[in-house]
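K.L.:
I am attaching a structure below and will ask some questions about it afterwards.
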Amino acid sequence: MNFIPTKLEGCFICEPKIIPDGRGYFMESFNEKTFEQGIGQKVHFVQDNQSFSSKGVLRGLHYQTGEHAQAKLVRVLAGEVLDVAVDMRPESPTFGQHVSVVLSAENQKQFFVPRGFAHGFLVLSDTAVFFYKCDNFYNKESEGGVIYNDETIGIDWQFPAEKLIISDKDKVQPILANAQKVW
């Protein structure tokens, strides 16, 4: 697997080695030893999650706070999404900045989002199956969020705003300046 650092320290785009043949392909999607060497830290995943969404569905920007903060390794099993991470670490020189990557079943890329980051994605294909590993268990009381269209973050979602499908919960998230602290 090839690990590509992003402008946000700790976030990596992960490109698997795909071995094609006449029957299709083979790839190793996760190997703990290879993964930890590639990102330079130990991460032990304890929970896998999967969602199915239609074109235009935007989920995010979400994070877990305090002792319940989560690192995520995300990928798309079917379809295509624009995946986004926002640095929520107050002491970070890149606080409030974001990075985005297109993940698809075709490109097989994965995205590692460490603890201290908000995360969200927008479905670009007709439908998408989104899969992610978490290194900490979900805790409802520790939920945090930032509004998807915060102008100070400036995410280009590459999709018409009037066609976005957003949950009521995500429509009322605070702006970055008023968001709950991650630590």
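Any read-out appearing in this document is the output of simple, stated calculations on the displayed coordinates, not a laboratory observation. Please read all numbers here as calculations on a predicted model, not as lab measurements. Cβ atoms come from the backbone with ideal geometry, glycine included; neighbour counts cover every protein chain shown.
K.L.:
Give the aspartates and glutamates reachable from Lys55 as a straight Cα distance under 20 Å; neighbours fewer than 8 places away on the same chain don't count.
P.N.:
Glu80, Asp83, Glu106, Asp126, Asp156, Glu162, Asp168, Asp170
K.L.:
In whole percent, what relative contact order does the chain give with Cα contacts below 8 Å and a gap of six or more residues?
P.N.:
Value for the chain: 29 percent.
K.L.:
While we're here: First select every other residue whose beta carbon is under 15 angstrom from the beta carbon of Gln50; then total the charges, Lys and Arg +1, Asp and Glu -1.
P.N.:
+2
K.L.:
Would you work out the Kirkwood radius for the range 105-162? I mean one over the mean of 1/r across all pairs of different Cα atoms, in Å.
P.N.:
14.3 Å
K.L.:
Among all the lysines, which ones have a C-alpha under 19 Å from Lys17's C-alpha, if same-chain residues fewer than 8 places away are not counted?
P.N.:
Answer for Lys17, where 19 Å is the Cα cut-off: Lys33, Lys109, listed by chain and number.
K.L.:
Based on the Cα gyration tensor of the range 58-182, what are the three equivalent ellipsoid semi-axes, each the root of five times an eigenvalue, rounded to whole Å and given largest first?
P.N.:
Equivalent ellipsoid semi-axes, largest first: 22, 17, 13 Å.
K.L.:
What distance in nm lies between label points placed 7 Å from Cα along the C-beta direction at Glu28 and Lys140?
P.N.:
A separation of 4.0 nm, rounded to one decimal place.
K.L.:
Determine, for Val182, Val146, the number of other Cβ atoms within 10 Å of each Cβ, and report the residues in order from fewest to most.
P.N.:
Exposure proxy ranking, most exposed first: Val182, Val146.
K.L.:
Based solely on its DSSP helices, what 222 nm [θ] is calculated for the chain when runs of n ≥ 4 H residues each add -39,500 (n - 2.57) and the sum is averaged over all residues, nearest 500 deg cm²/dmol?
P.N.:
After summing the helix terms and dividing by residue count, I get -1500 deg cm²/dmol.
K.L.:
Follow-up question, since we're still on this one. Can you sort Asp48, Asp135, Asp87, Asp168 from fewest to most other Cβ atoms within 10 Å of each residue's own Cβ?
P.N.:
Fewest to most other Cβ atoms nearby, the residues stand as Asp168, Asp48, Asp135, Asp87.
K.L.:
Something else about it: Just want the ordering: Val57, Val113, Val129, from fewest to most Cβ atoms lying within 10 Å of their own Cβ.
P.N.:
By the 10 Å Cβ count, ascending, the order reads Val129, Val57, Val113.
K.L.:
Which log10 I(q)/I(0) values, to two decimals, does the range 1-129 give at q = 0.15, 0.21 Å⁻¹ under the Debye formula with one point per Cα?
P.N.:
-0.73, -1.36
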